[in-house]
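Reviewing the structure listed below.
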Amino acid sequence: MQRTLITKAAGAENEKAIVLFSGGQDSATCLAWALRRYKSVETAGFDYGQRHSVELECRKAFLQKLRELDAEFNAKLGPDHMIDMSSLGQISDCALTKDKAIAFEKNGVPNTFVPARNLLFFTYAAAVAYRRGASVLVGGMCETDYSGYADCRDNTLKSLQVSLSLGLDEPIVIETPLMRLDKAQTWELAEALGGKELVELIRRETHTCYLGVRDELHDWGYGCGKCPACRLRARGWSAYKNQA
Ligand code: ZN
């Protein structure tokens, strides 16, 4: 399955892609995936008033080290577009943007859900793509581990792809290479794309923890080790290691 994922699609080598890059494990893996697949790749990041800006701070260091890791990555990686979406933080009331404890809402969705976040991210990225002559948007959304977020679902994003293509009157493709992978398979994919060196770079230089903790390096990376994002990352890492 990993082999299918890194097989180049016909025509992809002539296309430019915009990757939604947050500084976390999933979007970092998607970035490497896109760099192997497309002619050129640019990144988009969103500042929406996250309680912890650690992820955003990790982005720059990761991009620089990714360039140093691999000549193809360096040659294909274009500019980074940082987009101010502080209004999203103002209008949403969730544990990622407000000082409140992480919990599950009555509808079963964790309160780390930022309503409509991914719809807005892709729509803004599509505006960047239109200006930059890109036809592909890449995001690290995944149904396997987190089906609670409705805007991560495959159907949501397929529907958005149609809306964006109609609304721009240009063909826009949304690619989500991690949609059917679990976290262990995401590490495997990173290894297939850039070897142990890329796995190590993602382990050390990306950030996933909801609480923004970055003072202790665990075998799976930095984080508090207790929040849902850390637990998911730790579980995926140990599954990846145990099958290696
Ligand atoms: Zn954490």
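Just so you know, all these numbers are worked out from the coordinates, no wet-lab data involved. Just so it is clear, the structure is predicted and the values come from calculations on it, not from any experiment. Cβ placement follows ideal geometry from the backbone for every residue including glycine, while neighbour counts extend to all protein chains displayed.
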TODO: Report Rg (one decimal) and Dmax (nearest whole number) for segment 15-243, counting Cα atoms only, units Å.
DONE: 16.6, 49
Open item on the list: At 7 Å along Cα-to-Cβ for each site, give me the label-to-label distance between residue 155 and residue 200 in nm.
Closed with: 4.5
Open item on the list: Please list, by residue number, every one of the trypsin sites (Lys or Arg not before Pro) in segment 14-91 that is coil in DSSP and has at most 15 other beta-carbon atoms within 10 Å.
Closed with: 39
Open item on the list: On a straight-distance basis, which aspartates and glutamates could pair with residue 76 in a cross-link, Cα separation under 20 angstrom, same-chain partners fewer than 8 positions away excluded?
Closed with: 13, 15, 26, 42, 68, 175, 191, 197
Task: Label zone at residue 238 (point 7 Å along Cα-to-Cβ), backbone N below 14 Å, segment 171-200 - done: 184
Task: Length-normalised contact order of segment 15-243 in % [C-alpha pairs under 8 Å, at least 6 apart] - done: 23
